[in-house]
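Taken together, the values in this text are just the output of simple stated rules run on the coordinates, not laboratory data. Source: prediction; values computed, not measured. Please note: Cβ atoms are built from the backbone with ideal geometry, for glycine as well, and neighbour counts cover all protein chains shown.
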Ligand code: NAD
Ligand code: UFG
């Protein structure tokens, strides 16, 4: 299929572009590069061995999106473009509603004008809010606790209403847990240019020498060792999840919601120990106070994705730590 990937220069979008291209799809990427680097497009080209169409543009520009969808004969859209920092969303909620909600509306309008009805959306475990029970399954109540989570849930609602208004619409909503790892080549991965918010990018900044130590936010939670527990999924497993979701939509109308995680929980200390062991390095850390808005523990029930999509994860945390380190070494060597 001819697939438009919005946000395809970003972390998850770039890895998914590779998986889709390798599966025979023709990829067009739109990204405004607000949180990514143009060089990623060259790396994708190198890995897949053929050129990808790239347009530097903003999904909020409906006329541009309409034109791109038409010119590239797009048949389906995977929508990654969005902002993802929970802290930033609390400080600047309008930015998140503009980018994530208005951006999605603009894109769907452009799709409607072109009669394109296949859509895969990057949602988040953040839509669940505090756990009523664990693991989260897709029926768990949705009650986000920050503007970022609200923005994702609002788009989910819009997509459901779109599918009610048109019964030929095919939508997959993918609720990601915590993506980590990198492509096995080391050429792409997650190495933010800005100050890192998430655990793994923070670790990469510490091991590359940009930051002196990791702050562990809280060691007094009711978890195995007192530190926060999450469900870390290798980004290439996530990429495969998109391919599986897209294939499933071939024969299925309506809206389909899936958790993409591993079903396993790992504490911050367990992740650090694994990273140190696998890569034979030391990660200096200090315990600091809890981060506001953090949940102690959550992880996914992924049985629905397995049942409907036949998808399950292949990589473990060891592989995620190895692949992350390979990418960091590549970046550090480039900047030397
Ligand atoms: P990322 O920041 O690396 O990638 C997002 C890309 O979208 C960036 O390249 C950015 O430049 C682009 N972009 C942002 N706004 C745009 C706009 N208006 N028009 C065009 N391009 C725009 O983030 P990621 O980790 O790859 O996340 C991808 C998607 O997955 C996001 O929607 C995010 O909310 C969602 N998600 C991420 C996580 C995570 O922990 N990484 C977890 C759950 C959900
Ligand atoms: N943590 C630290 N130190 C850090 C960064 C994080 O101790 O420097 C801890 C956190 O307290 C938490 C765990 O590491 O216990 C994971 O934190 P992240 O910031 O990496 O991830 P979150 O689970 O808070 O949030 C992430 C994404 C959201 C997404 C959510 C669910 O940032 O966009 O996962 O998918 F919505």
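Okay, here's what the table says:
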read-out	value
For segment 258-314, convex hull volume per residue from C-alpha positions, Å³	94
Cα-derived Rg to Rh of segment 143-202, Kirkwood definition	1.12
Distance between modelled label sites at residue 145 and residue 290, nm, 7 Å Cα→Cβ extension	0.8
Residue 314-residue 334 FRET efficiency (beta carbon distance; Förster radius 41 Å; 0.05 resolution)	0.90
MRE, 222 nm, helices only [DSSP H, n ≥ 4, -39500 (n - 2.57), over the chain, to nearest 500]	-12000 deg cm²/dmol
In nm, spacing of pseudo-spin labels at residue 280 and residue 37 (7 Å Cα→C-beta vector)	2.7
Whole-number D in µm² s⁻¹ for segment 50-96, Kirkwood Cα-pair radius fed into Stokes-Einstein, 4 °C, 1.567 mPa s	99
Segment 223-271 and segment 132-209: distance between their alpha carbon centers, rounded to Å	9
Along each principal axis, Cα extent of segment 214-297, largest first, Å	51, 31, 18
Hypothetical label at residue 307: residues of segment 138-166 whose amide nitrogen lies under 14 Å (7 Å Cα-Cβ projection)	138-140
Taking 1, 236, 200 and counting other C-beta atoms within 10 Å, the order from fewest to most	1, 200, 236
Expected-Rg normalisation [2.2 N^0.38 Å, Cα atoms] applied to segment 1-155	1.07
Reference-scaled alpha-carbon Rg (2.2 N^0.38 Å with N residues) for segment 59-132	1.26
Ranked packing of 185-196, 4-15, most packed first, by mean Cβ within 10 Å	4-15, 185-196
Rounded to 5, percent antiparallel among DSSP beta bridges of the chain	5
60, 175, 230, 290 arranged by Cβ crowding within 10 Å, fewest neighbours leading	290, 60, 230, 175
Packing-based order for 324-333, 280-289, using average beta carbon neighbours within 10 Å, highest first	324-333, 280-289
Compactness index (Cα Rg / 2.2 N^0.38 Å), the chain	0.95
Volume in Å³ per residue [convex hull over Cα atoms, computed for segment 1-92]	91
Ranked packing of 259-267, 309-317, 42-50, most packed first, by mean Cβ within 10 Å	259-267, 309-317, 42-50
